[in-house]
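Here is the structure we will look at, set down as structure tokens.
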Amino acid sequence: MHEKEVKTILSPSNGMNLYRGCLHGCIYCDARSKCYNMQHDFEDIEIKSNAISLLEQALIHKRNRGMIGTGAMSDPYIPIEKNLEHTRKSLELIERYGYGVAIQTKSDLILRDLDLLDRINRKTKCVVQITMTTYDDELCKRIEPNVCVTSRRAEVLRIMRDHGIPTIVWMTPILPFINDTEENIRGLLSYCVEASVYGILLWNMGVTLREGDREYFYQQLDKHFPGLKEQYIKTYGNQYEVVSSKNRDLMQIVRETCKKHQIVNNVDALFRYMKEFEEKDKMEQMSLFDLFPL
Ligand code: SF4
């Protein structure tokens, strides 16, 4: 790992990545793609050394408070976070200055910060997003080798439910010939239903592959699933979007389950929800004022 001073930490849409690169080793990781122009090895994590002070300045000076998003390009709970606590320090600032947060991870290390997530959610809004792709934990260990298995992530979801923290499951990517089965999808859905998740986010039953990401994926297929690389090449060539032949039927299962259990499944609605800022204290004050006008 190495450190780097950066000029800004929040994107114009309030997105934040405290680290660059990731250690979780997912075989399909899009963040490895060449188009992101990473100047170092993906596993040589870049720590944005001034991130916390930059974030504090940004939060103080923003005209309007809102939701801060993190976890899109690097998991905020990679193993080095355990000692560095950059994510924890960011959450402390988010809480102190009255912002909300939408945070995405695959790691149960997020439970360390449950106290902060809970406080943020009581004041404003905290949305925890957990990615789950593979119901079978043994298969999960091959696909996402350096992070806790899906059954543990499901436990995290249930703990969030018990604290009243809304959750969204990213059920993506689904890899053709590997986990695009009805059994897998129904298993993942059962975890979501049990944890009363707010939403399930996915576009289709597939994965995207492009330069950088594709090469790594094929290497890992050769290592863990001999013969599958050839099948991918034969079926999909160099396509960016690689969609399972079972897409229609599996998506139908997802839609029906979501409808039955009142889980939001519309991608646009879910992104809107994660951006919508709420001030619960203010809402409580307003309702008191409405009840007892001066
Ligand atoms: S957790 Fe996310 S960023 Fe990290 S390797 Fe997996 S897909 Fe990539």
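Run a plain Debye calculation on the range 18-61 (Cα atoms as equal point scatterers, no solvent) and give log10 I(q)/I(0) at q = 0.21, 0.22, 0.26, 0.31 Å⁻¹, rounded to two decimals, same order as the q list. Rounded to two decimals, the profile gives -0.75, -0.78, -0.90, -1.09. When both the range 86-124 and the range 2-20 are represented by their alpha-carbon centers, they are found 17 Å apart.
Rolling a 1.4 Å probe across the protein heavy atoms gives the chain an accessible surface of 49 Å² per residue. Note on the range 1-152: the C-alpha convex hull projects to 9.0 nm² when averaged across all orientations. Can you tell me what percent of all Cα-Cα pairs in the range 175-242 are more than 13 Å apart? Above the 13 Å cut-off, the range 175-242 has 70 percent of its Cα pairs. With the simple model of a label 7 Å out from the Cα in the direction of the Cβ, residue 196 to residue 50 spans 4.6 nm.
Each peptide in 42-52, 115-125, 247-257 receives the mean, over its residues, of other Cβ atoms within 10 Å, and ordering these scores from highest gives 115-125, 42-52, 247-257. Protein heavy-atom surface of the range 126-172, 1.4 angstrom probe: 46% of the accessible area is carbon and sulfur, with nucleic acids and ligands not counted. Expressed in units of 2.2 N^0.38 Å, where N is the residue count, the Cα radius of gyration of the chain is 1.04. Taken about its Cα centre, the chain carries a charge dipole of about 560 debye when Lys and Arg each add +1 at the Cβ and Asp and Glu each add -1 at the Cβ.
A Förster radius of 22 Å, combined with the Cβ-Cβ distance separating residue 5 from residue 82, puts the computed FRET efficiency at roughly 0.45.
What FRET efficiency do you get for residue 36 and residue 137 if R0 is 25 Å and r is their Cβ-Cβ distance, rounded to the nearest 0.05? It comes out at approximately 0.25.
Eigen-decomposition of the gyration tensor built on the alpha-carbon atoms of the range 51-99 gives equivalent ellipsoid semi-axes of 21, 12, 9 angstrom, largest listed first. Dimensions of the range 122-174 along the principal axes, based on C-alpha atoms and rounded to the nearest Å, stand at 39, 18, 16, largest first. Translational diffusion of the range 1-88, estimated by Stokes-Einstein from the Kirkwood radius over alpha carbon pairs at 20 °C in a medium of 1.002 mPa s, is 156 µm² per second. Along its three principal directions, the equivalent ellipsoid of the range 74-219 from the Cα gyration tensor extends over semi-axes of 27, 18, 13 Å, largest first.
Other residues whose C-beta falls under 14 angstrom from the C-beta of residue 183 contribute a net charge of -4, scoring Lys and Arg +1 and Asp and Glu -1.
The values are calculated or read from the model by the stated rules, or taken from the named source; none is laboratory data. Fair warning: this is a prediction, and the values are worked out from it, not measured in the lab. So basically every Cβ, Gly included, is an ideal-geometry build from the backbone, and we count neighbours across all protein chains shown. Ligands, DNA and RNA are stripped out before the accessible areas are found, and what is left, the full protein with its side chains, is counted by its heavy atoms. Shrake-Rupley method; radii C 1.70, N 1.55, O 1.52, S 1.80 Å.
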